[in-house]
Amino acid sequence: MSFLANFWWLIILLIIVFSGLFTINQGYIGVITMFGKYRRIVRPGLNIKIPILEQVNKRVSIQNRSVEMEFQAVTQDQANVYFKSMLLYAVQNADEETIKKVAFKFIADRDLMQALTRTIEGNIRSFVATKKQAEILGLRKDLVEYVKSEIDHVIEDWGYHLLDLQINDITFDKQIIDSMSKVVASNNLKAAAENEGQALLITKTKSAEAEGNAIKIAAEAEREAARLRGQGVALFRQEVARGMTEAAEQMKQANLDTNVILFSMWTEAVKNFAEYGKGNVIFLDGSADGMERTMKQIQALMVKQAGRAGELMG
């Protein structure tokens with residue numbers, strides 16, 4: 001007790017000295033004020049301040065922070081659009097001027113979040129108001145880039161930096177969603193009909209091409225067959241004429257009447273009529289005049305064929 005009575009002033013001094021010691025956690029920057037006025041910043045770790053006079057006014061987090069936001073906007077054609085988004089932001093840097101902005105721009109973090117949310121919501125609404133309902137879903141990336149460009153310079157004055165903004169969900173009223181589904185379904189039906197028509201056109205075209213090629217091939221084959229038949233008939237006639245000419249020459253050399261050849265041809269013709277004819281009755285003129293007329297016709301034909309054979313052989 002005597003020690004405490006004699007050294008009470010030392011105990012008070014130690015209490016005052018130790019009250020000036022404090023720590024700042026990693027990821028934070030301490031802001032020191034004296035009599036309410038900014039004095040300095042302190043880094044993470046063990047720090048010292050003037051006891052009683054200096055105070056740790058605020059511990060500013062320099063870590064990344066995120067917040068989810070939900071809000072509504074109206075398009076140019078008066079359609080309600082509902083957004084769900086995620087905002088990622090952080091203090092720009094750990095410089096003294098930046099920390100001073102962060103520490104004294106807003107009274108509390110709640111006020112910062114309210115200002116940040118309203119600013120982003122206002123920018124999104126101004127963008128959506130210039131677009132039609134049908135365009136919104138396809139402009140998600142443009143919307144994010146627009147908000148970033150508009151919001152960055154605003155929150156920089158507050159000492160913050162916008163790291164990322166994600167539009168996670170975009171929805172419409174139920175009536176609009178139903179109408180959009182009908183439009184998508186009708187477009188799909190239209191595309192299917194167009195594809196089916198194109199497939200049918202291709203099928204018909206290929207079928208017509210195949211049919212045309214088949215007709216062309218058949219015509220070429222018929223033409224070739226006709227040419228070959230013509231050549232065969234011509235060769236047959238040449239051989240007949242040559243045979244008749246040789247027979248006539250041999251009969252002349254043998255001093256025989258050439259009418260024998262004509263009679264033989266006539267009898268062969270009658271034989272062929274009887275053998276290959278489809279009828280049951282063959283009418284022939286058996287009179288002397290008829291026989292003579294027939295012989296003259298055969299003789300004239302023979303002379304004609306002999307002349308052609310001579311031309312071909314010459």
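When segment 51-66 is limited to residues that are touching a residue at least 24 places away in the same chain (Cβ under 8 Å) and surrounded by fewer than 12 Cβ atoms within 10 Å (Cβ to Cβ), the one that is farthest from Ala90 (Cα to Cα) turns out to be Ile52. Taking the numbered list (1) modelled with pLDDT of 90 or more; (2) exposed (fewer than 14 other Cβ atoms within 10 Å of the Cβ) in turn, Glu70 passes all entries but (1). Across segment 134-174, the number of residues qualifying as closer than 14 Å to Ile120 by Cβ and either part of a helix (DSSP H, G or I) or hydroxyl-bearing (Ser, Thr, Tyr) (or both) comes to 14.
Answer yes or no: is there a residue in segment 35-45 that is among the β-branched types (Val, Ile, Thr), without any contact (Cβ under 8 Å) to a residue 24 or more places away in the chain and under 30 Å from Leu88 (Cβ atoms).
First, the residues of segment 35-45 that are among the β-branched types (Val, Ile, Thr): 41-42.
With the extra rule that they be without any contact (Cβ under 8 Å) to a residue 24 or more places away in the chain, the set shrinks to 42.
Those still in the list that are under 30 Å from Leu88 (Cβ atoms) too: 42.
Scanning segment 35-45 turns up at least one residue that is among the β-branched types (Val, Ile, Thr), without any contact (Cβ under 8 Å) to a residue 24 or more places away in the chain and under 30 Å from Leu88 (Cβ atoms).
In the set (1) modelled with pLDDT of 85 or more; (2) in a loop (DSSP other than H, G, I, E, B); (3) polar (S, T, N, Q), the condition left unmet by Gln78 is number (1). Per the listing Glu150, Glu211, the residue uniquely at pLDDT 75 or above and loosely packed, with under 11 Cβ neighbours inside 10 Å is Glu211. Being under 30 Å from Asn123 (Cβ atoms), in a helix (DSSP H, G or I) and modelled with pLDDT under 70 is true of Ser179.
Specify the residue that is surrounded by the fewest Cβ atoms within 10 Å (Cβ to Cβ); the eligible residues are those in segment 78-115 that are small (Gly, Ala, Ser) and under 39 Å from the mean Cα position of the chain (by Cα).
Filtering segment 78-115 for residues that are small (Gly, Ala, Ser) and under 39 Å from the mean Cα position of the chain (by Cα), the one surrounded by the fewest Cβ atoms within 10 Å (Cβ to Cβ) comes out as Ala79.
Considered as a group, the residues in segment 116-130 that are over 36 Å from the mean Cα position of the chain (by Cα) and free of Cβ contacts under 8 Å to residues at least 12 places away in the same chain include one that is surrounded by the most Cβ atoms within 10 Å (Cβ to Cβ), and that residue is Gly122.
The values are calculated or read from the model by the stated rules, or taken from the named source; none is laboratory data. Remember, it's a predicted structure, so these values are computed and weren't measured experimentally. Because the Cβ atoms are built from the backbone with ideal geometry, glycine has one as well, and the counts that use them run over all protein chains shown.
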